[in-house]
Amino acid sequence: MEDPWTTTMAATAAAAVPRPLHALTPASLGALTSLKVVLNQSSCHQWTDSDSYPWDSYPPDSCPTCSHSGQEDVKYPFGAHQCKRYHGDRHSFPLLSPRLGGDDDERLAAAQVLLSEWHSAAAYVSAHIGSDRRLELALVCDIDPPQKYALDIAKCIVTPLRLLPPLKACHIRLGETADAGLSQPAQDAVQEACRIAIPYLKPSSTLTTFSTLPRELRLQILEYTDLITPWKEVIWNRQQRAYMLSCTPCVELCDFAFRPLGIHHRPGVAFGQCWPGDHMGCFCRRRHASFSIPGICQCWAPPGPDLFLICRSLYQDAQLVFFSANRFVVHDFDARFPARIPGIVTGYYLDDCFAASHFLREVVPVHSLAYIRFLELVFPPYEWHSPTPEGSGKLLRAYGCILRPLKQLATRDNRLARFYTRFNYPTHVHEDMQVKERKALKAAAVRTVMGDRYNSLYANNKSEPPPSVWELVIDHRSGIFR
C-alpha cells in the first residue's frame, strides 16, 4: 500500500496554527485513499529516519519505541528512552500536560485553539471525501490522561469524524500510553466512522448470573479471558517484584532467512507485536490509548485486578485458572538477560534468599500453591569458557547443590508429578559436547531429584514440554533451532 498523505498540526499559545488540510484541492481530497492526521504526538508511533539513532541494529527507517520497554536502568536502553534522547525535539508534550506550563484553564484554552482548527479542517475535508468507502484514516492526538479535562478533550477530538462518509478503515490514538478512559471514545468513534453497528443485548429476564452458574462452567468461561496468556507462560521478575508477560519480538522467532516461523509453530506470535513497521504507525491497544478497525491488534494485556476484586468466589476461581493454566518461570538472577553471568561474589549469596523461595512464600497465596501445575526455576549460568578438568568438576558439583534440595519435593506424599532439567549454557553451545553426553548429564540430574521413580516415569521416552519463550530467544541468538 502506498504511504499515506500525512498532515501535522501543532498549537501553541503564541503561534498561529498552520492549515495544511485546507491546502488540498477538492479534487485531491476526492482521490485520497489514505490520510493520516497528527494533531499532537508525544512520542514516535511509526518508523522514522534511521539517522536519528547511533546504532545499526534496526532496519532502515525504524523506530523501536513501541517494540521495547523503554527502561532506562538496563544495560542497553531502548525504546522511549532512546527515542526521546535522539529526536525528542520532534515531539510535543501531551495536551493538558503540566509540563506545558500555566494552570488548567490556560492549558485547556491552548488545546481548544488546536481543536478549533481541527474542526474547521475536518469540515472542509468531509465535504470533498468520496463516499465509496475507499479512505483509510488515521488520527493521532496524545492527551495527558490524568488531567481534569482529558476525557472532554478526547470526545471533542473525535466528534468531527461524524461528518465523514463511511470509511474503509480507521485508526485513532488519543494517548501515548494505554488508558481505558481515553480508549473508550477512540473505540466509539472508530466504530461509528466505519459504520459498525453495536449489537443490542436484550436484558435477561431470568435471575441467572455468573456467580450462580456451576463452578465448572464458570472456570471454562474464565479460561477465555486474559487470565491465560497467549504463550501460557508468565515470568515473575525478581528485580521489579512483579509479573511480566513472557513474550519476544517477532525477529526472535524467525529463521535465518528472516521468515517468521508463524502461529502454527508458536501460537502466541499472533498476540504480540501487532504493528511492527506498519505504514500508518502503531495503534496497539496494549501500548497506547487507541483503537483500530480492521482489528489488527490482538495483543494480550494483563487482566488487571478487576477479576480478583469482584467477590470472594470469583477471586478463588480466577486464582485457580491463572495458576493452573500458565507456566510460571522464576529467574533467580536476571529475567531480561537470562544468559547474563553474575559478577563474582565471595562469602554470601547475591540476595537474601532464592527468587523461587520469595515467589512461593510471599507472592503466591498459600491456598493457590496447590493450583500450580508447571513451575520453571531458572538459575544463571556459570562462567564456562575453556574450563579446565578441575573447573568442570566444580561446575557439575555446583549444579548438584542446586538440584539436591528439590529432591524433597519428589519424595513427599503430594509429590512432583514430573521433573525436567535443561542445561542451556554451556551444553547447547559447546561444540565438543556430544548428544550422548548431554543426555547422560540430563539423566543424572533427573535421577538426583526423582530417585527410584526415574525408570517408571521416563522409561517410555515421553517427550519433554516445549522450551520456554526465553529459551527460544537464546537459542535463536546462538544459532540453535529445536
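Please treat every number below as a calculation from the coordinates, not as lab data. Because the structure is a prediction, the values reported are computed rather than measured. Positions of Cβ are generated from backbone atoms using ideal geometry, with glycine treated the same way; all protein chains shown enter the neighbour counts.
Miscellaneous remarks
- Listed peptides 310-318, 327-335 by packing density, highest first (mean Cβ within 10 Å): 327-335, 310-318
- In plain terms, the residue of HIS119, HIS171 with the fewest other Cβ atoms within 10 Å comes first and the most crowded comes last, giving HIS119, HIS171.
- You can think of it this way: the chain between ASN455 and VAL366 has 28.8 nm of extra reach, that is 0.36 nm per residue less the Cα-Cα gap.
- Gain upon complete extension [ASN237, ARG415; 0.36 nm per residue less C-alpha separation]: 61.5 nm
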